[in-house]
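Novice: Quick one: this structure, given as structure tokens, is what I'll be asking you about.
Every read-out reported here was derived from the displayed coordinates using simple, explicitly stated rules and does not represent laboratory data. Note that the structure is predicted; figures quoted are calculated from it, not measured. Cβ atoms come from the backbone with ideal geometry, glycine included; neighbour counts cover every protein chain shown.
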Amino acid sequence: MTIAMAPAAPQAGAEIFERILAAPSGLVVLESKDVPTLMEQVRTLARHSGQAVYLWQPDTGLASLREAHSRVPECERLGNALRYMQQSMHFGVYFLYGLELPLSAADAAMLRQLARAPKGHLRRVVLIDAPPALTAHLGDLASHLSSEDGKPRNLRLRDGRWLT
């Protein structure tokens, strides 16, 4: 007697996270229709994988998604958070949500610098639902992704990872 097991669904949020990591630019503009659900999926992924993943919001500043209630000191303002991201020598994915225009010239310049990060240093800055004017200003410096691409995917498991 054989028991057929249904394949387990890939961990929610893992596919978009892999696409962010594979982006050719250090700066990613991500369009999402359901940001709270997406952030909860990324939070779960960060907790299970141990990855350094952060979320910056204007009202809360920069906080770790992996460790609840862990805030980065003195990173409430966008400029301070961008400097922290730029000076960090470790792997990290930094989500920025709730950006409001106008950005200061220094903040806009720092975003452009983060987009041109060295190839050997894996750091991604992800602008979630960025204002259209900012997206136009960044142009080809940023990679553009959508969390809902609408294509059905044929998933397969290889070496413990789900591939399309």
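Novice: Could you sort the peptides 52-58, 73-79, 124-130 by per-residue average Cβ neighbour count (10 Å cutoff), highest mean leading?
Specialist: Those peptides, ordered most packed to least, come out 124-130, 52-58, 73-79.
Novice: For Ser146, list long-range residues whose amide hydrogen, built 1.01 Å from N in the peptide plane, is under 5 Å from its own amide hydrogen.
Specialist: Counting only residues 5 or more places away or on other chains, the set is Glu31.
Novice: Separate question: Across all directions of projection, what mean area in square nanometres is found for the Cα convex hull of the range 35-95?
Specialist: 4.0 nm²
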